[in-house]
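Submitted below is the structure of interest, expressed as structure tokens.
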Amino acid sequence: MEAPPYIDPAVSRYLLEHSTGPDELLDALAEEIREVDGASAAAQLSPGLGRFLTMIVQVTRARTVVEAGAFTGYASLCLARGLPPRGRLTCFAPTRERAELARRHWERAGVADRITLRIGPPAERLRDLPFTPAVDLAFVDAGGDERSLYYRMLLPHLGAGGLMLVNDTLQGGVVAHPAAYDETTPAVQAFNELVAADDRVSVLMLPLAGGLTMIRRHHGGRTV
């Protein structure tokens, strides 16, 4: 289980040694993702963030959860494991083949009945989400301008006090070092500025994995 590169290596090792790691089911899914995706599998969700997703669903008692963005089934499994028996997760898979890979592991984990799959690009399928019941928690793992697009599309669905988690908003620390910027950094910076200036929400950035932004919708504030 890897740690962020911007944390002192000794501290990273200590954190990992004293945290709960992935189990056999998550390891098996991660291995199959690596076999299918090859080198690109390095971009998959970190096990540490996966554990965080399960715990945040549990502690917030979220019942209606949405996942949008990159899809491997790993985040879906972690989110669904935190749900109560009648909780529901809606997630998006770009292809049916990718969805079937994930579904096998959801069934092994006993959470397949809590997950609703929508096949196709999230930017299109998110328009089909009903406004009721309100979403308690949303997880976004996307690159480029999609990060900001999904934020704008999902925020109206969050209930008052609802939570959105957005992955890789520090780019592993790159955003704090202009000399290290690459072609993807402007979109990350634009998203970070967007949410920081939005008075409908409170924002907390965490140095978890590549950077995780927690966004909580206010009970009041601007109309959507």
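Determine the percent antiparallel among the DSSP beta bridges restricted to the chain, to the nearest 5. Can you show the working numbers first?
Details: 11 of 30 bridges.
Among the beta bridges of the chain, antiparallel pairing accounts for roughly 35 percent.
Let me ask something additional. Quick one: Kirkwood hydrodynamic radius for region 89-154, alpha-carbon pairs, angstrom, one decimal?
Radius from the Kirkwood sum: 13.0 Å.
Here is a further query. So, taking all protein chains as they sit and a 1.4 Å probe, how much accessible area belongs to residue 12, in Å² rounded to tens?
Solvent-accessible area, nearest 10 Å²: 10 Å².
Please report the relative contact order for region 124-185, taking Cα pairs under 8 Å with a sequence separation of at least 6, and give it as a percent rounded to a whole number.
36 percent
When the Cα centres of region 184-204 and region 94-142 are compared, how far apart do they sit, in Å?
Result: 25 Å between the Cα centres.
Is there a quick way to get the dipole size of the chain? I mean about its Cα centre, with the Cβ of Lys and Arg at +1 and of Asp and Glu at -1; what is the value in debye to the nearest 20?
1060 debye
For the pair residue 16 and residue 182, what calculated FRET efficiency results from E = 1/(1 + (r/R0)^6), where r is the Cβ-Cβ distance and R0 = 35 Å, to the nearest 0.05?
Taking R0 as 35 Å, the efficiency between residue 182 and residue 16 is 0.80.
State, as an integer percentage, the relative contact order of the chain based on alpha-carbon contacts under 8 Å between residues 6 or more apart.
With pairs under 8 Å counted, the relative contact order is 17 percent.
Give the calculated FRET efficiency between residue 132 and residue 196 to the nearest 0.05, with a Förster radius of 30 Å applied to their Cβ-Cβ distance.
0.55
Take the Cα of residue 104, step 7 Å along the line toward its Cβ, and report every residue of region 48-91 whose backbone nitrogen sits under 13 Å from that point.
none
Now a separate question. Over the Cα atoms of the chain, Rg to Rh with Kirkwood Rh, two decimal places?
Expressed as Rg/Rh, it is 0.94.
Okay, next question. Between residue 205 and residues 5 or more places away or on another chain, which pairs have amide H atoms under 5 Å apart, with H built 1.01 Å from N, and which residues are they?
For residue 205, the qualifying residues are 214.
To continue, here is another question. Around residue 90, which amide H atoms from residues at least 5 apart in sequence, or from another chain, sit under 5 Å from its own amide H, with H modelled in the peptide plane?
65, 66, 67, 116
When only Cα pairs under 8 Å and 6 or more residues apart are kept, what is the percent relative contact order across region 96-224? Can you show the working numbers first?
Values: 166 pairs, mean separation 29.1, N = 129.
Relative contact order of region 96-224: 23 percent.
Further, regarding this structure: Can you give the longest run of the chain that contains no GluC sites (Glu not before Pro) sitting in a DSSP loop with at most 13 other Cβ atoms inside 10 Å?
On the way: sites that count: 2, 183.
In short, 3-182.
The values are calculated or read from the model by the stated rules, or taken from the named source; none is laboratory data. A quick note: this is a predicted structure, and the numbers were derived from the prediction, not measured. As a convention, Cβ positions derive from the backbone with ideal geometry for all residues, glycine included, and neighbour counts pool all protein chains shown. Each accessible area value is taken on the protein alone, full model and side chains, heavy atoms only, with ligands, DNA and RNA left out. Shrake-Rupley method; radii C 1.70, N 1.55, O 1.52, S 1.80 Å.
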